[in-house]
Amino acid sequence: MGAGVLAGLSLAILAGLGIFSWLVSRAHTVVQFSDHGPQLVRGYLPPGLLSDLQDIDRSAGGIVGRLSIRGQGDTLELNVSGMGDREEQRIRNVVMLRRRQLRRPR
């Protein structure tokens, strides 16, 4: 094989690894909090969880921010941003109570 072919093959492999890495690290579920309340942007939430998040939003007088969920079960990783510490902690608590129901899409 020529050097150009090997360089092209190496570049293709690196690009494939980069795309795979991005897909694996991407949040499978995203909830956006805005003036209109929490809205599921991507993924799936177990029954009742969106309602619980709406209750938190109402009791806080409206939240602006984002909840991103990666992993599942014991490896669940939450990223809550853009809101006060109290609201972030309440959201983490409610979501973690249902961590066994949160799954990556298949």
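Would you kindly state how much longer the chain becomes between Arg99 and Leu11 on full extension, computed as 0.36 nm times their sequence separation minus their alpha carbon distance, in nm to one decimal?
Length difference between fully extended and current span is 27.8 nm.
Which whole-number value in Å² is the accessible area per residue of region 38-106, probe 1.4 Å?
62
Using the basic label-point model (7 angstrom from Cα toward the beta carbon), what is the Ala60 to Asp35 distance in nanometres?
Those two pseudo-labels are separated by 1.8 nm.
The values are calculated or read from the model by the stated rules, or taken from the named source; none is laboratory data. Note that the structure is a prediction, hence the values are computed from the model and not measured. Note that we place each Cβ from the backbone using ideal geometry, even for glycine, and neighbour counts take in every protein chain shown. What goes into the accessible areas is simple: the full protein's heavy atoms, side chains included, and nothing from ligands, DNA or RNA. Shrake-Rupley method; radii C 1.70, N 1.55, O 1.52, S 1.80 Å.
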